[in-house]
2 protein chains.
Amino acid sequence: MHPKICSQSTCLNHPSYLNHSRPSPAALHHRRHTVTLIRCSSYQPPPKTLASSNPQPVLQSLKAFAPATVANLGPGFDFLGCAVDGLGDTVTVRVDPTVSPGTVAISSIDGIGSASKKLSCNPLWNCAGIAAIAVMRMIGVRSVGISLSLDKGLPLGSGLGSSAASAAAAAAGVNALFGMPLSEMDLVLAGLESEAKVSGHHADNIAPAIMGGFVLIRSYHPLDVMPLRFPSDRDLFFVLVSPEFEAPTKKMRAALPKQVGMKDHVANCSQAGTLVAAVLQGDARMLGAALSSDGIVEPTRMPLIPGMAAVKKAALEAGAFGCTISGAGPTAVAVTDDEKRGREIGERMAEAFWEEGKLKALASVRSLDRVGARVIGGNSS
Amino acid sequence: MHPKICSQSTCLNHPSYLNHSRPSPAALHHRRHTVTLIRCSSYQPPPKTLASSNPQPVLQSLKAFAPATVANLGPGFDFLGCAVDGLGDTVTVRVDPTVSPGTVAISSIDGIGSASKKLSCNPLWNCAGIAAIAVMRMIGVRSVGISLSLDKGLPLGSGLGSSAASAAAAAAGVNALFGMPLSEMDLVLAGLESEAKVSGHHADNIAPAIMGGFVLIRSYHPLDVMPLRFPSDRDLFFVLVSPEFEAPTKKMRAALPKQVGMKDHVANCSQAGTLVAAVLQGDARMLGAALSSDGIVEPTRMPLIPGMAAVKKAALEAGAFGCTISGAGPTAVAVTDDEKRGREIGERMAEAFWEEGKLKALASVRSLDRVGARVIGGNSS
C-alpha cells in the first residue's frame with residue numbers, strides 16, 4: 001500500500017494543544033498560520049518542561065517502535081495493562097529542514113488495514129503528532145523542525161492499543177533524537193495527552209506501550225504509574241484473537257454501568273488484588289483465572305462483540321487459564337503458559353468467532369514485551 | 001478478674017450448628033438434652049470431614065494462642081487482612097471426662113474489659129465454641145469430650161478481630177489436641193462458620209488469625225485464600241489506637257453504601273492492586289498510602305467514630321505513611337517503618353481521639369504476626 005502523504009506542521013507551544021476540548025476559533029486561525037507563528041510567547045510552559053534548554057538533535061533521523069498493549073485485563077479495568085511482543089507501530093522521526101523550527105509535521109502514514117486512510121495528517125489530531133508535540137514542548141525544542149512517518153502495524157479500534165503504540169513510538173523517538181532528556185514518566189505524560197485527545201484520559205495502554213511489561217496506574221492526579229515485574233523465568237503467553245469487527249472505544253465506554261453493586265465491587269477488587277499478586281509471583285494460572293473473573297465491565301461489553309461469549313467458552317475449554325476482552329475489544333485475549341497450547345486455543349477461539357459471531361478472526365500467540373517503546377534504527381548524517 | 005464459669009456442652013453433628021439462622025424449636029429442644037443425645041445420625045457430614053477416623057487425642061490439654069488482626073486495610077475491604085503481634089486471645093483446650101464424648105463445653109471465660117461478661121458460655125453461640133465444634137465435626141471426634149477455657153486478650157467490638165482470634169485459637173487448639181489432622185484451610189473454614197454466626201460471613205479476620213501475615217480472600221464459593229508474604233527483611237509497624245467506644249460490626253455494615261460509582265470503583269480497585277503490590281514488594285510507604293486511600297467505605301464509617309477524621313489527620317501529620325479504620329472500627333490503624341516514630345504517631349492519634357472525640361484511647365505499636373494461631377503450651381498427662 002502506498003503511504004498517505006501529509007504536509008501539515010504546527011507550533012508546539014500554543015495552549016490549544018494542551019487542553020482536550022475542541023480548539024477555539026482563535027486557535028484554529030493560529031493553526032492555519034503555524035509556519036510563520038513559531039513562538040507563542042504568551043504561553044507559559046508547565047513546570048515540568050525543560051523549555052529553556054532548546055537542545056540540539058543528536059541524530060538526524062531514527063526509527064522508533066512501540067508494542068501493542070492489552071489494557072484492562074478483566075478486573076484491572078482502567079488501571080492495569082501490559083505490552084505484548086511482535087506487534088506494534090513504527091514511527092520514523094526526522095530532523096526536517098522543510099519543517100519550520102519548533103514544529104512537527106506528519107509526512108506520511110502507511111500500514112495495515114484502513115489505518116492509514118482514517119488517521120489525520122494534522123499533527124494536532126494525530127496520536128503520534130500530539131505526543132511528539134508534547135515531547136518537543138517538554139524539552140523546549142526551538143532549533144529544528146521534525147517530521148514523522150508512521151508505519152501502522154496495528155489496526156485501529158482493535159483493542160490492542162493502536163493509538164497508544166503510535167503515540168509511544170513518536171514520544172520515544174523524538175526524545176531519543178534529542179539525546180533522551182526526558183524520563184519514561186515524562187513520556188507517559190506526553191503520550192497521555194495524546195490518548196486523552198483521541199481515545200480517552202486513560203493510561204493503561206500508553207504506560208505499558210512506553211515502559212513495557214505490566215504497569216499499574218496508581219493515580220492520575222498526579223500521574224503515578226508502577227511497573228509490575230512478571231518474573232523472567234516463568235512462561236506466559238497471550239493468545240490474541242482479533243475479529244474483523246470494529247468496537248469503537250466510545251461506544252464500549254457508553255456501555256459501562258454508572259453504578260456498581262457493593263458485592264460486585266468487593267469481588268472485582270479482590271480479583272484485582274489477585275491479578276497483581278499473580279503478576280508479581282509469576283503465576284500464569286492465577287493470572288488467567290483473575291483476568292477471567294470480571295463481573296462488572298466484561299458482562300456489559302461482551303454482548304456488543306458478536307460471538308465473544310462463545311469465544312471465551314472455547315478458550316477455557318481448550319485449556320486457557322482465562323479469557324477476557326482486550327482493552328475495549330473486539331480482540332479477545334486468553335492466557336496460557338504453553339506456546340503450542342496457545343496456538344490450539346487460538347484456533348478454537350477463531351472458530352468460535354466464525355461460528356457464533358460470523359466474524360473472520362486472526363489468532364496469534366504472543367509473549368510479554370518487557371522493553372516498551374525503543375529505537376530500532378538511527379542515522380546521524 | 002475472676003473467670004466466668006460455664007458448664008454447657010453440645011453435640012457436634014446436628015445441622016443446627018451448620019446454618020447461621022436462629023435454631024429451630026426442635027434444635028433448641030435437642031440442645032437442652034445434649035448430654036444424652038450425642039450422635040445425630042440423621043445428619044450427613046459434609047464431604048470434607050474426616051468423620052470416619054474418630055481420632056484419639058495426642059495430648060490431654062494445651063494452650064493455643066491466636067493473634068489480633070487488622071481487616072479491610074482501606075481499599076482491601078472484605079478481602080484483605082493481616083495479623084499483628086503481641087495481642088490476641090488464648091484458649092486452653094482440655095480432654096474433659098466430665099464432658100460427654102463428642103461434645104464441647106466452655107468451662108470458663110476470663111480476660112480484659114467486659115468481654116468475659118458479654119460472651120455466651122453456650123458453645124453454640126460462642127465464637128470459640130462454634131469453631132471447636134466445627135473442627136471436631138471435621139475430624140470426627142467421638143471418643144472424648146472437650147472443654148475450652150477462654151482468656152480474652154482482645155476487647156469485643158474493637159475492630160481487631162476479637163471473635164476471629166478466639167475462633168482461631170480454639171480451632172487450632174482442638175486440631176493440635178488430635179495430632180493436627182486438618183490443614184490451615186480447613187481451620188479457616190471452621191473459623192468462618194464461627195465468624196458467619198457471630199459477626200458476618202467474612203474471612204478477612206479469621207484467615208490471617210489462623211495463617212498469620214497478610215492474607216487475600218480470593219473467593220468464598222469455594223473458599224480460596226492466598227497468603228501474601230511481606231518480605232522479612234523490611235520494617236513494617238502498625239500503630240493501633242483503640243478508643244473507649246464500641247462500634248458494632250452490624251451498625252458499621254449498615255452504614256455501607258449499596259452502590260458504588262464507577263469512578264470510585266476503579267480508584268479503589270487500583271488502590272487494592274497497589275496494596276497487594278506494596279505487601280509483596282515490602283514497601284511500607286506504598287502500603288500506607290494505599291491503605292489510606294479508600295474512597296468508598298472509610299468515608300461512610302468515619303463519621304460514626306467520634307474524632308476519627310482528626311485522628312487520621314494527626315497520624316499523617318506525625319509522619320505515618322497512611323491511616324484508616326481497622327476492621328469495622330473503632331480502632332484506628334496507621335503504618336510506619338520506624339518503631340520509635342510509631343510511638344510518637346500513636347501519642348498524637350490518642351490525643352486527637354481525646355481532643356476531637358472526647359474518647360480515651362490506648363495506643364500501641366505492633367509488628368506483623370507471621371505465624372498465626374499456634375500452640376503455646378501442652379500437657380500429655
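The values are calculated or read from the model by the stated rules, or taken from the named source; none is laboratory data. Computed from a predicted model, the values in this text were never measured in an experiment. Positions of Cβ are generated from backbone atoms using ideal geometry, with glycine treated the same way; all protein chains shown enter the neighbour counts.
Observations
- Scan of the stretch B:342-362 for residues that are surrounded by 21 or more Cβ atoms within 10 Å (Cβ to Cβ) and assigned to a strand (DSSP E or B), ordered by number: B:361
- Boolean, residue B:279 is under 15 Å from residue A:276 (Cβ atoms), over 25 Å from the mean Cα position of the chain (by Cα) and within 14 Å of chain A (Cβ to nearest Cβ): no
- Test for residue B:129: is it more than 30 Å from residue B:339 (Cβ to Cβ), in contact with a strand residue (DSSP E or B) (Cβ under 6 Å, 6 or more places away or on another chain) and not polar (S, T, N, Q): yes
- Against the conditions (1) crowded, with 24+ Cβ neighbours inside 10 Å; (2) farther than 30 Å from residue B:332 by Cα, residue B:165 satisfies every one except (2).
- Residue tally, condition more than 17 Å from residue A:271 (Cα to Cα) and at the interface with chain A (Cβ under 8 Å from one of its Cβ atoms), over the stretch B:261-276: 1
- Close pairs from the stretch B:208-225: first at positive phi, partner of a type outside the set (D, E, K, R), Cβ under 6 Å, at least 6 apart: B:212/B:83; B:212/B:371; B:212/B:372; B:213/B:227
- Residue A:316 touching a Pro at 6+ places or on another chain (Cβ under 9 Å) and within 30 Å of residue A:254 (Cβ to Cβ): no
- Residues located in the stretch A:204-228, provided they are under 16 Å from residue A:168 (Cα atoms), in contact with an Asp or Glu (Cβ under 7 Å, 6 or more places away or on another chain) and either charged (D, E, K, R) or within 14 Å of another protein chain (Cβ to nearest Cβ) (or both): A:204
- Sole residue being away from every other protein chain (no Cβ under 14 Å), in contact with an Asp or Glu (Cβ under 6 Å, 6 or more places away or on another chain), hydroxyl-bearing (Ser, Thr, Tyr) and closer than 20 Å to residue B:80 by Cα, chosen from B:336, B:324: B:324
- Among residues of the stretch A:229-258 being over 21 Å from residue A:307 (Cα atoms) and touching a residue at least 60 places away in the same chain (Cβ under 8 Å), the one that is nearest to the other protein chains (Cβ to nearest Cβ) is A:230.
- Comparison of A:112, A:139 shows that the only residue that is of a type in the set (A, V, I, L, M, F, W, C), more than 18 Å from residue A:197 (Cα to Cα) and surrounded by fewer than 21 Cβ atoms within 10 Å (Cβ to Cβ) is A:112.
- Test: residue in the stretch A:363-375 that is over 22 Å from residue A:166 (Cα atoms), among the hydrophobic types (A, V, I, L, M, F, W, C) and crowded, with 24+ Cβ neighbours inside 10 Å: no
- Single residue of the stretch B:291-316 satisfying the filter (charged (D, E, K, R) and within 19 Å of residue B:243 (Cβ to Cβ)) that is surrounded by the fewest Cβ atoms within 10 Å (Cβ to Cβ): B:313
- Flag set for residue A:292, criterion: more than 10 Å from chain B (Cβ to nearest Cβ) and more than 22 Å from residue A:163 (Cα to Cα).
- Criterion violated by residue A:144 - all others in (1) surrounded by 23 or more Cβ atoms within 10 Å (Cβ to Cβ); (2) over 13 Å from the mean Cα position of the chain (by Cα); (3) β-branched (Val, Ile, Thr) satisfied: (1)
- Residues that are under 9 Å from the mean Cα position of the chain (by Cα), within 19 Å of residue A:119 (Cα to Cα) and of a type in the set (Asp, Glu), drawn from the stretch A:163-219: A:195
- Among residues of the stretch B:363-381 being in a loop (DSSP other than H, G, I, E, B) and modelled with pLDDT under 95, the one that is farthest from residue B:86 (Cα to Cα) is B:381.
- Helices (runs of 4 or more DSSP H) lying entirely in the stretch A:214-330 (those with 2 or more residues that are within 26 Å of residue B:216 (Cβ to Cβ)): A:262-281, A:284-291, A:297-301, A:308-317
- Exclusive hit being in contact (Cβ under 8 Å) with a residue 40 or more places away in the chain and either crowded, with 22+ Cβ neighbours inside 10 Å or not hydrophobic (A, V, I, L, M, F, W, C) (or both), set B:319, B:261, B:288: B:288
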